[in-house]
Structure formats: structure tokens, C-alpha cells
Amino acid sequence: MLKNKFIWSVTAFTAMLQLSLLNFEANHNILTIYTFSNYPYSFELPSWLAVILMPTFVYICLCLIQTRFKQNARKRAKNTTFTLIGFLLSFNYGATISGSVYLGYADYVGILIIAIAFIAFLVKAYRAECILGFALSLSIVFGALSGIVYSVITAAMCYALYKLRLFTLQCYRQNAEQI
């Protein structure tokens, strides 16, 4: 089970990472590669907004993970293992997408984005740890707001596809029983 000190320390660590990224961008005159402000029809966001948004998002996700741990207190080791695996896999998947965008492999990024739909049929990729890992890995290249928005949209799509799979399996079982 997650403790409140752990949640606050991870949230503070995330804020420090966002501050260091902001400091790096200011000192080296480098902006984040892809943000909403790159498009002519979008609005201008202050760069310090990431220092507020990302730690708030991390805190909300960690609180959601903690409530799920409290509901299944008997299976603590299994829940912890699956939570860490889900976080690491989604973080690596998002880092692969970010690195591919940064290096300019557009075809590879398209394949990875389409593959999310197939992954959503098999695993519960909409859980808080998956959203958190995906958003953290995307935030370095895309910025905090874009990373959060992309990960929430991806989680909604994964939730709909996973529930669609369960619905089709249920319909198949009902039709098989009638025959």
C-alpha cells in the first residue's frame, strides 16, 4: 500500500524534474519540441504551467493507485508487481514514441500508435499507473500539457476497446449457450 509520504515525495520529485527541464530550456534557449504553442491556431501557455500540471497529475494518479490497493488489500504483492510492470512498460512505450518523434521516424510512430489499439484488447492499459508512465515519458518531448492530454485520450480509447472486447466475449458466450 502506498503511504502519503511516498506520494508527496514522488510529487515533489516530479515538480523538481519539471523545474530542471524549465531551467534547461531557459538557459539553452531550447523550447520543447512539440507543444500546443507551435501551431498558429492555438493559444499561448506559460512555460511554468508544467511545474503545476505534472505534479498535480502525478498526485491524482498515485491517489488512484492507492485506492485500488486499499480495495484489494489481500493481494498486495500481486497488485504491486502488476502496478510496477504496467508503469515500466507504459513508460518505455511512451519513451519509444517520444524518441521516434524526436528522431523523425514518422512511420515507426504511426505503427506504435496503431499498436496501442491491439494492446488495449489484451491488457487493462487504462489503469492509473499506465497513464502515469505514458504521460511522464511523453512530457519530456511533447511538454507536460500535451503528454497529459495524449495519455488521457489514449487511456479513454484503451478503456473503450477493452470493454468492447469484454462485451463481444459476453455476446459470443450467450450465443454459444443458445446453440
>> I need a count of the residues in region 102-111 that are within 12 Å of Phe142 (Cβ to Cβ) and open to solvent by 30 Å² or more (accessible area, probe 1.4 Å).
In response: 1
> From Ala120, Ala115, which residue is open to solvent by less than 20 Å² (accessible area, probe 1.4 Å) and either under 20 Å from Leu164 (Cβ atoms) or of a type in the set (Phe, Trp, Tyr) (or both)?
Replying inline: Ala120
> Out of (1) within 24 Å of Ile85 (Cβ to Cβ); (2) among the aliphatic types (A, V, I, L, M); (3) exposed (fewer than 11 other Cβ atoms within 10 Å of the Cβ); (4) modelled with pLDDT of 85 or more, what's the single condition that is false for Leu169?
Replying inline: (4)
> Residues in region 1-35 that are over 30 Å from Arg76 (Cβ atoms), in a helix (DSSP H, G or I) and either open to solvent by less than 50 Å² (accessible area, probe 1.4 Å) or modelled with pLDDT under 70 (or both): how many?
Replying inline: 7
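Modelled with pLDDT under 85 and either surrounded by fewer than 12 Cβ atoms within 10 Å (Cβ to Cβ) or closer than 24 Å to Arg165 by Cβ (or both), is that true of Ala73? Break it down stepwise before answering.
Values: modelled with pLDDT under 85: yes; either surrounded by fewer than 12 Cβ atoms within 10 Å (Cβ to Cβ) or closer than 24 Å to Arg165 by Cβ (or both): yes.
In short, yes.
The values are calculated or read from the model by the stated rules, or taken from the named source; none is laboratory data. The model shown is predicted, which means the values in this text are computed figures rather than measured ones. Cβ coordinates were reconstructed from backbone atoms using ideal geometry, including for glycine residues, and neighbour counts include every protein chain displayed. Side chains are part of the model used for accessible areas, which takes the heavy atoms of the whole protein and leaves out ligands, DNA and RNA. Shrake-Rupley method; radii C 1.70, N 1.55, O 1.52, S 1.80 Å.
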